[in-house]
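Please treat every number below as a calculation from the coordinates, not as lab data. Bear in mind the structure is a predicted one, so any value in this text is a computation, not a measurement. Glycine gets a Cβ as well: all are built from the backbone with ideal geometry, and neighbour counts include every protein chain shown.
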Amino acid sequence: MLILAKSILGLMLAFFVAVGVGWFLIPMLKKLNCKQSISSFTAFAHASKNGTPTIGGLIFIIPTIITMLVLYLRGSVVINSNVLIILFVFVSYAILGFVDDYLKVRAKNNDGLSIPTKLFVQVLIALVFFYIYMRGGGDAYLVITSLGINVNLGWLYGLFILFLLVGSSNAVNLTDGLDGLAGGLSLIAFLSFGILSWGTTWISGNEDIAIFCFVLAGSILGFLVYNSHPAKVFMGDTGSLALGATLAAVAILTKHELSLAVIGGVFVMEALSSIIQLTAIKKFKKKVFLMAPIHHHFEKLGYKETDIVKVFLIVGFALAMLAIYYGVWM
């Protein structure tokens, strides 16, 4: 029960710190003119959101770091190599997203960092991840028990890490298009991985990873106070890249890569809809969806933004419960 008490303490502390950070940060972002530029492709429904402050991911990034530091100083968590990797990925992708957001705000468009630059930085992060992981006693085995997969990938495990980090971060980034959607789904995902991490007793520092997940969930909950419809702030790439990559990092370290695909099922759906749309347009000169990612398709069909978010969150919650049932009891 001690791990549960620590997790709840971390979640509560992070939530209140996040609410406080948001209360101070949002007026500051407005003063610094850190405003979101709405793409012409989504102006049909989101024109009123133009000028809403962005880089709001700091509202859950800063409190998570502060709370983890407080818990560490009071001896509630231990920072071993696995927890260090998660913190490194979290902060690194947050910085990458922040630079991207800063360039967009400065140029008053949605260009930001070039794709080659982003990929180069992500490769470096994956290499550091792989190095710390192997030095900390990790193995290069891809294990998916339900599919009977147990393969030693060797140095290819580094490419596997890169693939999941890039894929997951971009999937969350694509989902961040409606008020509270990416944040709400991430909250569900990190709560789920917190529970799953409790049971991964074969992983060094599993309880500390669980506490981190609950701390981040508390911070996201505080962020949603300001990001729920109508949003007073957007997380930007600062938040979405950090959340997606950190989800992947937790899944890799706890050997729950398949659970990531289930828990993040809505993220996967959003990413696949974009891939399908681009492929269909390039190969067949036709659209499969009215607009991609798929949440915009439903907007085009006339559904309200709040209704789409509700349904997507319900689907995300149901998938998360399914993954927890499999990961904990089966």
- Task: Using a 10 Å cut-off on Cβ atoms, rank the peptides 281-287, 215-221 from the highest mean neighbour count down.
- Result: 215-221, 281-287
- Message: My understanding is that a pair violates if its Cα-Cα distance is over 25 Å; which of Lys255/Lys283; Lys49/Lys104; Lys31/Lys104 do that in this structure?
- Response: Lys255/Lys283
- Task: Return a whole-number percent for the relative contact order of the stretch 223-327, with Cα pairs under 8 Å and 6 or more residues apart as the contact set.
- Result: 25 percent
- Those trypsin sites (Lys or Arg not before Pro) from the stretch 49-152 that are DSSP loop and have at most 12 other Cβ neighbours within 10 Å turn out to be Arg74, Lys108
- Message: Give the lysines whose C-alpha is closer than 19 Å to that of Lys310, dropping any in the same chain fewer than 8 places away, or say none.
- Response: Lys232, Lys300
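Give me Met235, Met291, Met12, Met68 sorted ascending by neighbouring Cβ count inside 10 Å, so fewest comes first.
So the ranking, lowest neighbour count to highest, is Met12, Met291, Met68, Met235.
Residue separation times 0.36 nm, minus the C-alpha to C-alpha distance between Ile276 and Ile132: what's the value?
48.3 nm
Express the relative contact order of the chain as a whole percentage, based on alpha carbon pairs under 8 Å and six or more residues apart in sequence.
26 percent
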- Task: Multiply the residue gap between Thr117 and Ile314 by 0.36 nm, knock off their C-alpha separation, and tell me the result in nm, one decimal place.
- Result: 67.3 nm
- Message: For the chain, what does the helix formula give at 222 nm: sum of -39500 (n - 2.57) over DSSP H segments with n ≥ 4, over the residue count, nearest 500 deg cm²/dmol?
- Response: -23500 deg cm²/dmol
- GNM on the chain, C-alpha springs below 10 Å: top fluctuator among Phe60, Phe190, Phe163? Phe163
